[in-house]
Amino acid sequence: GAVVSQHPSWVICKSGTSVKIECRSLDFQATTMFWYRQFPKQSLMLMATSNEGSKATYEQGVEKDKFLINHASLTLSTLTVTSAHPEDSSFYICSAEGGHSNQPQHFGDGTRLSIL
Amino acid sequence: AQKVTQAQTEISVVEKEDVTLDCVYETRDTTYYLFWYKQPPSGELVFLIRRNSFDEQNEISGRYSWNFQKSTSSFNFTITASQVVDSAVYFCALSRGVYNQGGKLIFGQGTELSVKP
């Protein structure tokens with residue numbers, strides 16, 4: 001139980017394209033989801049906290065107009081990278097809080113984004 | 001401010017050796033959680049353990065063991081008789097508050113463990 005599905009698992013696109021990444025909690029309701037970014041050989045850095053039905057809370061230094069987050073239901077949060085550029089190439093991973101287990105949050109498998 | 005430090009960037013051992021991954025944390029909270037995650041080359045995060053700030057008991061799970069010492073703000077992870085499949089990046093992380101409240105994680109820099117046959 002407590003599975004989080006993240007889609008797509010990888011995407012390659014041209015500079016200037018907008019890319020949407022979905023994060024779904026498959027068997028539990030997640031009022032809170034988190035979006036992290038990981039550059040190669042680096043740690044995971046929290047980008048934003050997504051709460052169902054309200055605006056996301058962004059960490060310092062993260063552009064909210066570039067990284068649009070929508071948490072329209074208790075099982076789905078989306079991250080849209082608008083007008084992506086090569087420097088946005090990274091590994092994006094979401095997590096969802098909830099589910100009855102000893103883990104406070106469950107991670108998706110991540111999305112590798114490459115902008116050409 | 002909260003911070004997690006994993007001073008060992010890379011560790012290389014030969015199979016069957018024991019290896020300890022260090023983790024030192026900083027927080028002003030009295031209630032917090034500490035975690036260890038494994039990230040294999042495929043990228044997904046594999047949950048290994050969660051420990052709350054009121055439970056300093058050491059834990060053993062198979063070849064894995066954890067030593068939590070509040071006095072030194074450390075939460076070290078030991079793999080006994082390492083295997084090639086243990087090769088991965090290991091992250092220590094900290095979260096504030098109680099379960100399901102403020103559960104965002106602050107990760108350390110990660111330690112890349114390479115176990116050679």
For segment A:2-116: accessible area per residue (Å², 1.4 Å) = 49 Å²
task = Note the buried accessible area between A and B here, summed over both chains, with a 1.4 Å probe, in Å² to the nearest 100.
result = 1700 Å²
message = What are the ³J(HN,Hα) couplings of segment A:107-114, residue after residue, when phi is run through the Karplus curve with 6.51, -1.76, 1.60 and θ = phi - 60°? Round to Hz, x for glycine and proline.
response = 9, x, 7, x, 10, 8, 10, 10
note = Among B:Gln69, B:Gln57, B:Gln83, the residue with the largest mean-square fluctuation in a Gaussian network model of chain B built from Cα contacts under 10 Å is B:Gln57
ask   = Within the P(r) computed for the protein assembly as shown, what percentage of the Cα pairs occupies the region above 21 Å?
value = 57 percent
key: Positive-end residue of B:Tyr64, B:Leu45, B:Val89, charge dipole of chain B with Cβ unit charges   = B:Leu45
request  = Starting from the Cα of A:Lys66, draw a straight line to each of the lysines and keep only those under 18 Å, dropping any in the same chain fewer than 8 residues away.
outcome  = A:Lys14, A:Lys20, A:Lys55
remark   = Length-normalised contact order of chain A, Cα under 8 Å, at least 6 apart, in percent, tallies to 38 percent
request  = Under a 10 Å cutoff between Cα atoms, tell me which one of A:Lys14, A:Lys66, A:Lys41 has the largest fluctuation in the Gaussian network model of chain A.
outcome  = A:Lys41
query = How many nm is it between the label spots at B:Glu15 and B:Arg28, if each spot is 7 Å from the Cα in line with the beta carbon?
reply = 5.0 nm
remark   = With DSSP loop assignment and no more than 16 other C-beta atoms within 10 Å, the GluC sites (Glu not before Pro) in segment B:1-34 are B:Glu15, B:Glu17
task = Quick one: which residues, 5 or more positions from B:Gln8 or on another chain, have an amide H under 5 Å from its amide H? H modelled 1.01 Å from N in the peptide plane, none for Pro or chain starts.
result = B:Asp22
request  = In debye, nearest 20, what is the charge dipole magnitude of segment A:62-116 about its Cα centre with +1 on Lys and Arg Cβ and -1 on Asp and Glu Cβ, if you could check?
outcome  = 80 debye
inquiry  = Counting only other residues whose beta carbon sits under 14 Å from that of A:Gln60, what net charge do I get with K and R as +1, D and E as -1?
reply    = +1
ask   = What's the carbon and sulfur percent of the protein assembly as shown's accessible surface, probe 1.4 angstrom, rounded to a whole number?
value = 50 percent
key: Candidates per trypsin sites (Lys or Arg not before Pro) in segment B:1-85, loop by DSSP, up to 11 other Cβ within 10 Å   = B:Lys16, B:Arg28
Residue of A:Ala72, A:Ala48, A:Ala56 that the Gaussian network model of chain A assigns the largest fluctuation, springs spanning Cα pairs under 10 Å = A:Ala72
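The values are calculated or read from the model by the stated rules, or taken from the named source; none is laboratory data. Just so it is clear, the structure is predicted and the values come from calculations on it, not from any experiment. Please note: Cβ atoms are built from the backbone with ideal geometry, for glycine as well, and neighbour counts cover all protein chains shown. The accessibility values were calculated without ligands, DNA or RNA, using every heavy atom of the protein model including side chains. Shrake-Rupley method; radii C 1.70, N 1.55, O 1.52, S 1.80 Å.
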